[in-house]
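Take a look at the structure below.
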């Protein structure tokens, strides 16, 4: 999964691609739990570009997007927010896949 490098990159990616930003942090135990299943999820939903956003590095972006819990997912299509799965709760592979499937409806 590509890692977000700058706010400019965020703006560019969300306007050019169907993209899912995954907000996470190295110290987050709930984020580490889902790490092993992320390659399977990104392969299954390959119509999206998946971008890792380090919550600590981009705290202002998190605030702007009201992402206060991690891991969280925010999807964009054609520059517009298409959906979000944002909470402080641990997420399962099934819940993440259900969220991603709902974006196509």
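Quick notes
- Lone unmet requirement of (1) surrounded by 12 or more Cβ atoms within 10 Å (Cβ to Cβ); (2) more than 12 Å from the chain's Cα centre (by Cα); (3) more than 15 Å from residue 10 (Cα to Cα); (4) modelled with pLDDT under 95 for residue 105: (1)
- Listed by position, the helices (runs of 4 or more DSSP H) contained in region 1-89 that have at least 3 residues being touching a helix residue (DSSP H, G or I) at 6+ places or on another chain (Cβ under 8 Å) are 38-44.
- In region 49-76, the residues that are touching a residue at least 60 places away in the same chain (Cβ under 8 Å) reach residues that are buried (at least 20 other Cβ atoms within 10 Å of the Cβ) and assigned to a helix (DSSP H, G or I) with C-beta atoms within less than 8 angstrom, at least six apart or across chains, in these pairs: 76/14.
- If the condition is being in contact with a strand residue (DSSP E or B) (Cβ under 9 Å, 6 or more places away or on another chain) and either closer than 15 Å to residue 61 by Cβ or surrounded by 12 or more Cβ atoms within 10 Å (Cβ to Cβ) (or both), then region 1-15 contributes 1, 3, 4, 9, 10, 13, 14, 15.
Table: residues versus (1) crowded, with 19+ Cβ neighbours inside 10 Å; (2) more than 18 Å from residue 10 (Cα to Cα); (3) touching a strand residue (DSSP E or B) at 6+ places or on another chain (Cβ under 9 Å).
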residue	(1), (2), (3)
40	no, yes, no
55	yes, no, yes
65	no, no, yes
69	no, yes, yes
73	yes, no, yes
88	no, yes, yes
101	no, yes, no
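The values are calculated or read from the model by the stated rules, or taken from the named source; none is laboratory data. Being a predicted model, the structure only gives us computed values, none of them experimental. Note: ideal-geometry Cβ built from the backbone for every residue, glycine included; neighbour counts use all protein chains shown.
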